[in-house]
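Nothing in this text is a laboratory measurement; each read-out follows from the coordinates by a stated rule. Here the structure is a predicted model, which means the values were calculated and not measured. All Cβ positions, glycine included, derive from the backbone under ideal geometry; neighbour counts span all protein chains shown.
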Amino acid sequence: MNLLTRDVPPRSAWALEQAGIHPLLARLYAARGVQSKAELDDALNLLLPPTDMLGTTEAARLLADAMAANKRLCIVADYDCDGATACAVAVRGLRMLGALNVSYLVPDRVIDGYGLTPTIAERVHAQGAGVLITVDNGIASVAGVQAAQALGLQVLVTDHHLPGSELPTAEVIVNPNQPGCGFASKSIAGVGVMFYVLLALRAELRQRGMFDAWPQPRLDALLPLVALGTVADVVRLDPNNRRLVAQGLRRIRAGALPPGMAALMRAASRETAKATTFDFGFALGPRINAAGRLADMTLGIECLLTDDAGRADELAKQLDAINRERRVIEGDMREMAMEMAESLFDEGDEPPPAICVFDPDFHEGVVGIVASRIKDKLHRPTFVFAASSAPGKEHELKGSGRSIAGFHLRDALDLVAKRAPGVLLRFGGHAMAAGCTIAEEHLDVFEETLNQVALEWLDAATLQRRLETDGPLPAEYRRVDLVEMLHHEVWGQGFAPPVFCEEIEVVSQRLVGEKHLSLKMKHQGQPVDGIWFGRTEPLPAKVKLAYRLDADEWQGQKRVRFLVEGAEL
């Protein structure tokens with residue numbers, strides 16, 4: 001692994017420090033492109049205005065008219081954490097704004113597949129809905145939208161995924177990535193898009209005189225859900241997304257969060273008063289996602305919607321149990337998939353440009369997680385396939401892919417579709433994560449075509465595993481209070497959490513739990529403990545390590561420890 005040190009523009013670091021930012025934070029922020037303290041202001045009034053997002057004004061009018069006519073509004077959600085939080089934001093927000101008739105429907109990963117399908121449209125119509133609203137899906141649902149409109153439904157698509165060559169014929173589309181939209185935050189999550197639609201709807205209702213007789217609803221109460229979905233979907237934390245997350249965290253830490261989120265924090269043994277973005281990504285997000293992977297995402301959405309603390313606790317415990325089951329299934333499957341991936345090349349050789357693995361026993365609910373693990377270890381774009389368990393679709397394979405920096409996965413699938421017509425039955429996604437469905441008989445063609453695209457697109461620099469770091473940690477900053485200060489900040493995709501790097505002396509090392517390396521080290525001559533999760537091979541006595549800071553509690557005493565991320569060997 002090549003450990004790189006981020007450049008720290010001295011003028012930016014100096015300006016931030018002079019503005020009162022802690023010297024360590026000033027250095028970290030400057031390395032991430034922040035030039036002034038004003039850029040760190042997370043005030044709500046600095047959010048990009050809803051009018052910047054194409055379609056929000058028309059969406060607000062459509063919804064306001066539907067509410068005035070007391071039409072039933074039905075949300076069609078997605079079965080990941082972004083989709084679940086977007087659904088909860090939509091239902092809660094519409095009810096806050098006076099909608100009396102709001103329901104939701106979430107597709108089943110196995111039976112329905114992804115997005116708004118004609119079958120889903122029929123189920124929405126059967127509920128008696130007049131308006132169908134997609135959240136975190138719909139931009140690729142050309143047939144589903146047509147089917148819904150043929151049944152007399154008005155369709156509002158809210159999504160953030162990249163559109164295909166053909167847009168659906170919905171009454172309104174709100175998606176910052178659609179042609180002609182000038183919204184600056186192209187990386188906003190699906191939950192953020194729905195939040196913006198609600199902001200526009202409130203403005204429309206205000207203009208219609210709706211709030212003359214009663215106080216204007218405070219939509220900022222939805223920000224904890226927006227923050228959770230944004231971080232869990234691993235979208236880039238640009239300035240607008242960072243403000244959304246920071247505002248959500250502030251409310252959570254103050255105890256102003258839905259009972260379901262509080263219950264999930266307790267189930268994960270996390271403290272709301274000390275909530276961090278890491279809690280979203282590694283505690284709450286996986287528990288909600290587990291419902292969509294192994295059971296029914298309705299559980300996750302209900303947990304986020306309920307205002308009954310007792311019911312919230314009950315649902316959070318169910319989600320926690322499902323997540324434990326997911327870990328067991330994932331562990332077994334990951335081991336098998338890793339062996340299959342490593343069998344594709346001889347020991348000592350380089351892996352193929354792209355990795356594709358399939359086994360009839362794989363569970364389709366965890367293929368994405370397993371693809372991510374293989375990608376992390378082999379540093380190659382990876383697809384893991386499982387047989388569809390949907391009735392009548394047994395011949396189909398559902399694949400989930402994860403990519404490396406410099407290889408746009410959805411664009412790669414688009415090229416595969418052009419070069420091998422008919423192989424991809426469905427596909428969609430982002431640069432770093434995508435999904436597709438193929439016939440089992442076409443697996444070899446898919447693998448061959450994807451490998452050819454990867455061979456053409458990937459160069460030596462892209463294939464070199466690199467980790468950007470923040471250089472050495474001054475010894476005086478190796479303190480628990482500074483660890484807590486760092487954890488308090490908003491970190492995530494595109495605004496990476498601090499990783500320090502320097503040569504460290506390894507005093508002793510041993511395996512714990514058979515798969516983690518526990519370390520006793522000397523950092524600049526002073527003792528410090530560390531752990532490298534998932535590493536079993538021993539380290540040399542002196543080694544250049546990349547590590548994150550953590551505060552470990554032992555016998556009532558908090559101590560700094562290093563969480564090792566990589567080594568230059």
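Starting from the 7 Å offset along Cα-to-Cβ, what nm value, one decimal, do you get for the label separation of ALA69 and GLN207?
In this crude label model, ALA69 to GLN207 measures out at 1.9 nm.
May I ask you to derive the FRET efficiency for GLU39 and ASP308 from their Cβ-Cβ distance with R0 = 30 Å, giving the value to the nearest 0.05?
Numbers: r = 41 Å, r/R0 = 1.36.
Here the calculated transfer efficiency is 0.15.
What is the packing order of peptides 517-528, 221-232, taking the mean over residues of other C-beta atoms within 10 Å and listing the highest first? The partial results should precede the final answer.
Details: 517-528: 15.8, 221-232: 28.2.
Output ranking for 517-528, 221-232: 221-232, 517-528.
Along the three principal axes, how long is region 144-188 when you take its alpha carbons, biggest first, rounded to the nearest angstrom?
35, 18, 15
Using only the Cα atoms of region 383-492, what semi-axes does the equivalent ellipsoid have when each is the square root of 5 times a gyration tensor eigenvalue? Give whole Å, largest first. Could the numbers behind the result be given before it?
Numbers: eigenvalues 317, 71, 21 Å².
Listed largest to smallest, the semi-axes of region 383-492 are 40, 19, 10 Å.
Quick one: if the Förster radius is 30 Å, what FRET efficiency do ALA150 and ARG218 give, using the C-beta to C-beta distance and rounding to 0.05? If you can, show how the numbers build up before the last one.
Numbers: r = 39 Å, r/R0 = 1.30.
With R0 = 30 Å, the Cβ-Cβ based efficiency is 0.15.
Can you give the FRET efficiency for GLN524 and VAL328, using 1/(1 + (r/R0)^6), R0 = 51 Å, r = Cβ-Cβ distance, to the nearest 0.05? Let's see the in-between values first.
Details: r = 41 Å, r/R0 = 0.81.
The pair GLN524/VAL328 has a calculated efficiency of 0.80.
Beyond 44 Å, what share of the Cα-Cα pairs of the chain remains, rounded to the nearest whole percent? Display every interim value, and only then the final one.
Details: 28502 of 161596 pairs.
Summing the P(r) of the chain above 44 Å gives 18 percent of all pairs.
When GLU468, GLU166 are ordered from fewest to most other Cβ atoms inside 10 Å of their Cβ, what list results?
Working: GLU468 16, GLU166 8.
Ranking GLU468, GLU166 by Cβ neighbours within 10 Å, fewest first, gives GLU166, GLU468.
Which pairs, out of LYS398/LYS515; LYS377/LYS522; LYS317/LYS398; LYS274/LYS515; LYS522/LYS558, put more than 20 Å between their alpha-carbon atoms? Don't jump to the answer; show the numbers that get you there.
Details: LYS398/LYS515 30 Å; LYS377/LYS522 27 Å; LYS317/LYS398 29 Å; LYS274/LYS515 29 Å; LYS522/LYS558 18 Å.
With Cα atoms farther than 20 Å apart: LYS398/LYS515; LYS377/LYS522; LYS317/LYS398; LYS274/LYS515.
May I ask you to sort ILE75, ILE329, ILE322 by Cβ crowding, counting other Cβ atoms within 10 Å and putting the fewest first? Don't skip to the answer; put the middle values down first.
On the way: ILE75 28, ILE329 18, ILE322 22.
Going from sparsest to densest Cβ surroundings: ILE329, ILE322, ILE75.
Using mean Cβ contacts within 10 Å as the protection proxy, how do 431-444, 137-150 order, highest first? Working shown, then result.
Values: 431-444: 18.5, 137-150: 22.5.
Sorting 431-444, 137-150 by mean packing, highest first, produces 137-150, 431-444.
Using a 7 Å offset from the Cα along the Cα-to-Cβ direction at both GLU342 and GLU476, what is the distance between the two label points in nm, to one decimal?
4.6
Spelling out what I want: for every residue of region 29-42, take phi, set θ = phi - 60°, compute 6.51 cos²θ - 1.76 cosθ + 1.60 (Karplus), and round to whole Hz; glycine and proline get x.
With coefficients 6.51, -1.76 and 1.60, one gets 5, 4, 5, 9, x, 6, 10, 8, 4, 4, 5, 8, 6, 9 Hz.
How many angstrom separate the Cα center of region 291-348 from the Cα center of region 217-288?
Between the Cα centres of region 291-348 and region 217-288 lies a distance of 19 Å.
Contact order normalised by length for the chain, with contacts defined as Cα pairs under 8 Å and 6 or more residues apart; what percent is it? Could you put the intermediate results ahead of the total?
Details: 1159 pairs, mean separation 69.1, N = 569.
Relative contact order of the chain: 12 percent.
How much of the pair distance distribution for region 54-321 lies past 35 Å, counting alpha-carbon pairs only, in percent?
Working: 3562 of 35778 pairs.
Of the Cα pairs, 10 percent sit more than 35 Å apart.
Amide H of GLU502 versus every other amide H placed in the peptide plane: which residues, excluding those fewer than 5 positions away on the same chain, fall under 5 Å?
LEU545
Please give, to one decimal in nm, the separation of the simple spin-label points placed at LYS542 and LYS515, each 7 Å out from Cα toward the Cβ.
3.4
Tell me, what HN-Hα J-couplings in whole Hz come from the Karplus equation 6.51 cos²θ - 1.76 cosθ + 1.60 at θ = phi - 60° for each residue of region 268-278, using x for Gly and Pro?
8, 6, 10, 9, 5, 5, 10, 4, 9, 5, 5
In debye, nearest 20, what is the charge dipole magnitude of region 467-568 about its Cα centre with +1 on Lys and Arg Cβ and -1 on Asp and Glu Cβ, if you could check?
On the way: 13 positive and 17 negative charges, 78 e Å.
Rounded to the nearest 20 debye, it is 380 debye.
Got a sec to turn the phi values of region 355-365 into Karplus ³J(HN,Hα) couplings, 6.51 cos²θ - 1.76 cosθ + 1.60 with θ = phi - 60°, whole Hz, x for Gly and Pro?
Values per residue, Gly and Pro as x: 10, 10, 9, 8, 9, x, 8, 5, 9, 5, x Hz.
Given 0.36 nm per residue, what is the gain on full extension from GLU505 to LEU425 after removing their alpha carbon distance, in nm? Mind dumping the intermediate values first?
Numbers: separation 80, 0.36 × 80 = 28.80 nm, distance 5.34 nm.
Contour length minus Cα-Cα distance gives 23.5 nm.
In whole angstrom, note down how far apart the Cα centers of region 396-445 and region 504-546 are.
Between the Cα centre of region 396-445 and that of region 504-546, the gap is 39 Å.
Using the Cα gyration tensor of region 467-568, with a ≥ b ≥ c the square roots of its eigenvalues, what is the shape: rounded (a/c below 1.5), prolate (a/b larger than b/c) or oblate (neither)?
Numbers: a/c = 1.42, a/b = 1.24, b/c = 1.14.
Judged from the Cα gyration tensor, region 467-568 comes out rounded (a/c under 1.5).
As a check on your grasp of the helix formula, calculate [θ] at 222 nm for the chain: sum -39500 (n - 2.57) over DSSP H runs of n ≥ 4, divide by the residue count, round to the nearest 500.
Details: 18 runs with 220 residues, N = 569.
Mean residue ellipticity, 222 nm, calculated: -12000 deg cm²/dmol.
Could you sort 384-392, 177-185 so that the peptide with the highest average Cβ count within 10 Å comes first and the rest follow in order?
Numbers: 384-392: 18.3, 177-185: 14.8.
Going by the mean number of other Cβ atoms within 10 Å, highest first, we get 384-392, 177-185.
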